[in-house]
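The values are calculated or read from the model by the stated rules, or taken from the named source; none is laboratory data. Bear in mind that the values here come from a model prediction, so they are computed numbers and not experimental data. Ideal geometry is used to build each Cβ from the backbone, glycine not excepted, and the neighbour counts take in all protein chains shown. Heavy atoms of the whole protein, side chains included, go into the accessibility calculation; ligands, DNA and RNA do not. Shrake-Rupley method; radii C 1.70, N 1.55, O 1.52, S 1.80 Å.
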Amino acid sequence: MPKMEIKINKLMAGGALLLAATACTGDYLDINSNQAQPGDLTADGFALVSSMTNICSTVAPSDVNCTQFVDCLLGGTLGGYFSDGANFTTSYVRNNAPDNWTSVFMSDSKIISTLFTNISMVEGYCETNGDIVPMAVAQIIKVAAMHRVTDCYGPIPYSAIGFEGAVKTPYDSQEEIYNKFFDELAEARQILLDNPDEALSPLVDKVYSGVLSNWIRFANSLQLRLALRISYANPTLAKQKAEEAINPANGGIIETNEQNATWKNYATSTNSMRTAIMYNAHDSRPSAEIACYLNGYKDPRTEKYLTESGLPNASYDTPEQFKNADGSWMTSPEGISCQYIGIRRGWQTFNTSWSVRFSDINIAGNTPALWMNASEVCFLRAEGAAVFGWDMGGDAETFYNKGIQLSLEDYGVGDAYAAYIADATSVPAQFYDPTGLNPWNGTIPAVTIKWDETLDKEAKQQKIITQKWLANWKLGNEAWADYRRTGYPFLIPVAYNGSNVVDINRGPRRMPYPSAEYTDNLANVQKAVADYLKGPDNLATRVWWDCKPGL
């Protein structure tokens, strides 16, 4: 078998492959030190299993603390899915999170450090054994993990991580990083296409059980996601990469729920997002928005996403429900039922005794970690065709409806599909706070479900992104990226704004760099801010791809 030309910068770590657990705000710069080379990984197949497991854990972290920060309290709230369910007076969604929160995506050892350390170990295995397939798969996973990091901050260190023992690591512009992502995906895809008879052990591959054709589909689908991300920043390249991704000659894309990219690591342990959500008095609860959209659409996924309000949980055995004396659900003056109720994000007034009365996030402990699903791919194709006029291999209406169908089927409610897509009248329910502590008197736009070809591009984009948002439930960082890129779905302004630079109607555009960068990596972070970020290092400065005209 030919030997893969490794293009990942070498970064080695001495000792065991399983990284020791560290605090949630580990030292990011540790990953740049030139440490001891690993031993011969072929001596024990467990070494490759361990390294690939660690690599996978960086996409949707298996570490509970890390998951809580990046996927629940950051992506989950800014993406409009969750609201803080605990008394966090400073937080991401209140636009006043402290440095030890905002730094996590970049500095926590469970993401960048774990990723690059273990990629180097897989690289060593591939060089020793002449087996190029694991490295190609690892490279796809690296892009899946690192695009979340750059989407959070903008310019970040990437190409120079670990190079020749560098400690003070230069940054790349976000445009350069995205270009590299596309190159890395193309390289990995070609290796897998050139080795169709190879496979990975299911012990090594807990995503696709060693089926390389599905890794090719994921690589192409991920490329399509990234192409849409840069649709306003570089329309020409976006079109090229999107049309390349759906070209059947390149191995196909995710088309069925069986091909969804999910990390099936929780058969014998508890999903880290569930653990993070359940902590304390449930640190995260469903947002007002997700409840409003689901209730208004009479969405059959509602009970799959949310619990009824006030159901008993681990911390409170008999919380009071929003029910009348006769057992019927309370309703608002407008007739909005309190059966499924979310908390307004960025609450102004908080009280634990009422927070436990709201719905919970419904997620089983053995739920696989979602990376990407077939429904999202359909909505990406729908947007590409309807909004940007790209050749997506079909028409927007077909992709839009198929995206809805795949999501409903994925949650076991596929029988409702025909009625759901034919609904031309239902609109999101207006927000109602039964406690009266965090009211909002605005109106959620009346976007309907049924496709309407007569709508203009803007209205079509709103319809597509709204349904994509519903289908991507729990992929908060993806939702936050879409919200910044397109302005959709509509999210209720947070109740409290702790920042003097953030527009309360639009929310933060990025996270500031860790303060440690200004002491340990000063020259490089200053250069990144001046040359690449092109704005103050604060919550209001937009990342490169966040440039939709008029937004």
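The coefficient of translational diffusion for the chain, derived via Stokes-Einstein from the alpha carbon Kirkwood radius under 20 °C and 1.002 mPa s, stands at 90 µm²/s.
Peptides 506-518, 452-464 ranked from most to least packed give 506-518, 452-464, packing being the mean of other C-beta atoms within 10 angstrom over each peptide's residues. For the stretch 151-299, a/c is less than 1.5, where a ≥ b ≥ c are the root eigenvalues of the C-alpha gyration tensor. That puts it in the rounded class. Using just its DSSP H runs of length 4 or more, each adding -39500 (n - 2.57), the chain gives a mean residue ellipticity at 222 nm of -11000 deg cm²/dmol after division by all residues. Placing unit charges on the Cβ atoms only, positive for Lys and Arg and negative for Asp and Glu, gives the chain a dipole magnitude near 940 debye about its Cα centre. With a Förster radius of 30 Å applied to the C-beta separation of Ala422 and Thr367, the computed FRET efficiency comes to 0.50.
Would you work out which of Tyr488, Gln461, Val529 lies farthest towards the positive end of the dipole of the stretch 409-551, given +1 charges on the beta-carbon of Lys and Arg and -1 on that of Asp and Glu, about the Cα centre? Of the options given, the answer is Val529. Extension gain Ala160-Leu437, at 0.36 nm per residue separation less the Cα-Cα distance, in nm? Taking 0.36 nm per residue and subtracting the Cα distance, the gain is 94.8 nm. Taking each residue as 0.36 nm, the span from Ala249 to Lys323 lengthens on full extension beyond its C-alpha to C-alpha distance by 20.9 nm. Charged side chains reduced to their Cβ positions (Lys and Arg at +1, Asp and Glu at -1) give the stretch 373-479 a dipole of some 160 debye around its Cα centre.
For the stretch 119-205, the orientation-averaged shadow of the C-alpha convex hull comes to 6.6 nm² (one quarter of the hull surface).
Cβ-Cβ distance of Ser269 and Phe46, R₀ of 25 Å, FRET efficiency by 1/(1 + (r/R0)^6): the value works out to about 0.90. Only one residue of Ser57, Val502, Tyr81 has its Cα farthest out toward the positive end of the dipole of the chain, where Lys and Arg carry +1 and Asp and Glu -1 on Cβ, and that residue is Val502. Taking every DSSP bridge with both residues inside the chain, close to 90 percent are antiparallel. Extending each Cα 7 Å along its Cβ direction at Glu409 and Asn500, get the distance between those two points in nm, one decimal. Using points 7 Å along Cα→Cβ, the separation is 5.5 nm. The residues of the chain expose, per residue, 36 Å² of accessible area to a 1.4 Å probe. Residue separation of Asp456 and Asp391 scaled by 0.36 nm, minus their Cα-Cα distance, works out to 21.6 nm of gained length.
Dipole check for the stretch 379-428: with +1 at the C-beta of Lys and Arg, -1 at the C-beta of Asp and Glu, and the Cα centre as origin, the magnitude is about 60 Debye. Modelled spin labels at Leu311 and Thr448, positioned 7 Å past Cα toward Cβ, are 3.2 nm from each other. Here the spin labels are modelled as points 7 Å beyond Cα on the Cα-Cβ line, and at Thr331 and Ser515 they lie 5.2 nm apart.
Listed by chain and number, the aspartates and glutamates whose C-alpha is less than 18 Å from the C-alpha of Lys323, apart from same-chain residues fewer than 8 away, are Glu303, Glu308, Glu334, Asp360, Asp433. When each of the peptides 487-496, 148-157 is scored by how many other beta carbons lie within 10 Å of its residues on average, the order from highest to lowest is 148-157, 487-496. Selection among Leu212, Leu200, Ile230 by position relative to the dipole of the stretch 161-230 gives Ile230 as farthest towards the positive end (Cβ unit charges, Cα centre). Ordering 133-142, 74-83 by mean Cβ neighbour count within 10 Å, with the highest value first, yields 74-83, 133-142.
Working from the Cα coordinates of the stretch 334-438, the gyration tensor eigenvalues give, after taking √(5λ), semi-axes of 34, 18, 15 Å in decreasing order. Residues of the stretch 91-128 falling in the label zone of Ser201, defined by backbone nitrogen less than 20 Å from a point 7 Å along Cα to beta-carbon, are 118-128.
To the nearest whole percent, what portion of all C-alpha pairs in the stretch 407-510 is separated by more than 18 angstrom? In whole percent, the share of Cα-Cα pairs in the stretch 407-510 beyond 18 Å is 60. Largest accessible area first, the residues Lys304, Lys468 order themselves as Lys304, Lys468 under a 1.4 Å probe with ligands, DNA and RNA left out.
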